Amino acid sequence: MHKILFLLAVLSLPCLSSAQANPTLWTNLNSLHSGQKIQIIDTVSKKHSGTFINASDASIAFAQTSGQENLQRADIRTVKLMQNKHRLRNSLLIGAAGAGIGAGIGAALHKGCSSQSFCLDIGGRALPAGIGAVIGGIGGLATGALLPEHETIYNVSPH
């Protein structure tokens, strides 16, 4: 039973990546507009964050708090657009999945009355299922709101 619940939990989570169709193309940077927040990871795994200025065939220019910086194309591994445009959608999807999983776990953990002379089983299986749904839903909503979703614009696959 635990293996089935684990499998349901894994399969019910939505895929959160929203990469472009082919993030290996440098020309994807042409879709960026001046002033958009970006994050660049260079070939030595150092993160550079700032606002996009422009991109040429050889480099990308962006502004940081310390001033404008240019990175050469050969030194860049990943460029991400730093917008959280699907935060509500992610919260609702993961909240619904959490509520469903919590309800399933709550119902599975319910133990009815055994052959005792007096038994008071208020709510039956529905009460622990409802409690599990509320706990799972709240946890899912919080997780969905906190998960970052940054669109990968450019990515060099490691060789």
Per residue, the convex hull enclosing the alpha carbons of the stretch 70-159 has a volume in Å³ of 115 Å³
Taking H placed 1.01 Å from N in the peptide plane, check which residues at least 5 places from residue 25 or on another chain put their amide H under 5 Å from its amide H. 155
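Leaving ligands, DNA and RNA out of it, report the carbon-plus-sulfur percent of the accessible area of the stretch 69-159 at a 1.4 Å probe.
Values: 3560 of 5570 Å².
So the carbon and sulfur contribution to the accessible surface is 64 percent.
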Residue 134 accessible area, nearest 10 Å², 1.4 Å probe? 90 Å²
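Could you order 47, 80 by accessible surface area, starting with the largest, using a probe radius of 1.4 Å?
Values: 47 130, 80 60 Å².
Sorted by accessible area, descending: 47, 80.
On a 1.4 Å probe surface of the protein chains, which of 135, 40 comes out largest in accessible area, and what is the full order? Walk me through the numbers before you get to the answer.
Details: 135 115, 40 0 Å².
These residues rank, largest area first, as 135, 40.
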Using modelled amide H (1.01 Å from N, peptide plane; none on Pro or chain starts), what sits under 5 Å from the amide H of residue 151, excluding residues fewer than 5 places away? 81, 83
Taking the full set of protein chains and a 1.4 angstrom probe, give the accessible area of residue 66 in square angstrom, rounded to the nearest 10. 110 Å²
What does the accessible area per residue of the stretch 91-159 come to in Å², with a 1.4 Å probe and no ligands, DNA or RNA counted? 61 Å²
I need the phi-derived Karplus couplings for the stretch 66-83: 6.51 cos²θ - 1.76 cosθ + 1.60, θ = phi - 60°, integer Hz, Gly and Pro marked x. 7, x, 6, 9, 10, 10, 6, 4, 5, 9, 10, 9, 9, 10, 10, 8, 9, 10
Could you give each residue of the stretch 28-45 its phi-based ³J(HN,Hα) in whole Hz, using Karplus coefficients 6.51, -1.76, 1.60 with θ = phi - 60°, and x for Gly or Pro? 4, 5, 5, 7, 7, 10, 4, x, 6, 7, 10, 10, 10, 10, 8, 5, 9, 6
Would you rank 110, 48 by solvent-accessible area, highest first, keeping every protein chain in place and using a 1.4 Å probe? 110, 48
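The values are calculated or read from the model by the stated rules, or taken from the named source; none is laboratory data. Just so you know, these numbers come straight off a predicted model, no measurement behind them. Surface areas here come from the heavy atoms of the whole protein model, side chains and all, with no ligands, DNA or RNA. Shrake-Rupley method; radii C 1.70, N 1.55, O 1.52, S 1.80 Å.
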